[in-house]
Amino acid sequence: MSKGLIICHGFLGDNLLTQRLAEVIRNDHGIEEVHWLCGFQTLYTILDNNPYIDKVLISSVSGPEPSLSGIDVKEYDKVYHTKPHQGKEPLSLANVKSAGVELDDPTYPIYTIKRFDEEHKMEIEKLKRNGKPVVGVCLTWKSSLNNYAKIDISPIVDKLKEEYNLIPLGIDPNITQQQSHAMKNSEEVYARTASRMKYCDIVIGSEGGLTNVAAGVGTPVLYTTDFTFRLAGPMGTHWNHPDPVRILGPKAHFPKEKHYPLPYNITPESYPDEIYKKLKEIFND
């Protein structure tokens, strides 16, 4: 039996956006057994639910570049190692191609877990009894100001709470992905979040791991892009692209779906009004 090992560089989004790689090497490259190595325990449950991945391996050292300590690469017929994004095309495509596999579809699946789906579907159906749309709010909202500062989302919540059912998504924004590695039930965090997102009417946040998860489960996303432009715009700190919304975020990966990137030049002070106005347009369509 031919075995393949995928070593996935990166954080939450990189691993989840790259899942198509397991499907392609299994269906088109003759790999019969796929193992996936990632750097964060929190991703174990959601990756383990992927039907194309036979075994999820967690790096002995938490971080974006998984350690090969304790892993015998000689037992694999083929090793696929993804590389950091170069900022030229949608992240999902770039990650798969960096491992030497051709792909022309930027979409990616997020496989949710049935028992979590049932639990959160019931939770959100109860909320909807008051007739208000359910809006998932990502707790890990970032702004390009002050060196990628995490923002206080309470003004956004205060602006929206009268007209929408708001539910929090993700974990405490002050907890890093490395710290979340040691949390109780850490393996379930993102698997549960994905299921919760699945039944929201829309998810709001900044471009990043959580909003990309929402797009992967098929939920519309309204997201701010100032952080995206700071990272990857014409004068980006990490990459340079004339229109970074085409390479990062839900609209880049699901161009045919209903996702709504907000203008990059708005500031956190204007987020509540801009989001409120856009939500009114969306739900009055």
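The values are calculated or read from the model by the stated rules, or taken from the named source; none is laboratory data. Computed from a predicted structure; not experimentally measured. Neighbour counts run over all protein chains shown; Cβ positions are idealised from the backbone, glycine included. Calculation scope for accessible area: heavy atoms of the full protein, side chains included, ligands and nucleic acids excluded. Shrake-Rupley method; radii C 1.70, N 1.55, O 1.52, S 1.80 Å.
Some points to look at:
- Of all DSSP bridge pairs formed entirely within the chain, close to 5 percent run antiparallel.
- Accessible area of the chain belonging to carbon and sulfur atoms, whole % at 1.4 Å probe: 49
- Heavy-atom accessible area per residue - the chain, 1.4 Å, Å²: 46
- Linear extension gain, Asp77 paired with Val157, 0.36 nm per residue minus alpha-carbon span: 23.7 nm
- Applying both filters, DSSP loop and at most 10 other Cβ atoms within 10 Å, to the trypsin sites (Lys or Arg not before Pro) of region 245-285 gives Lys256.
- Extended-chain gain in nm, criterion 0.36 nm per residue less alpha-carbon gap, His29 and Lys114: 27.7 nm
- In plain terms, the chain from Ser69 to Trp239 could stretch by 58.1 nm, reckoned as 0.36 nm per residue minus the Cα-Cα distance.
- Computed per residue of the chain from DSSP H runs no shorter than four, each worth -39500 (n - 2.57), the mean residue ellipticity at 222 nm is -9000 deg cm²/dmol.
- Summary value for the chain: 18 percent relative contact order, contacts being C-alpha pairs under 8 angstrom separated by 6+ residues.
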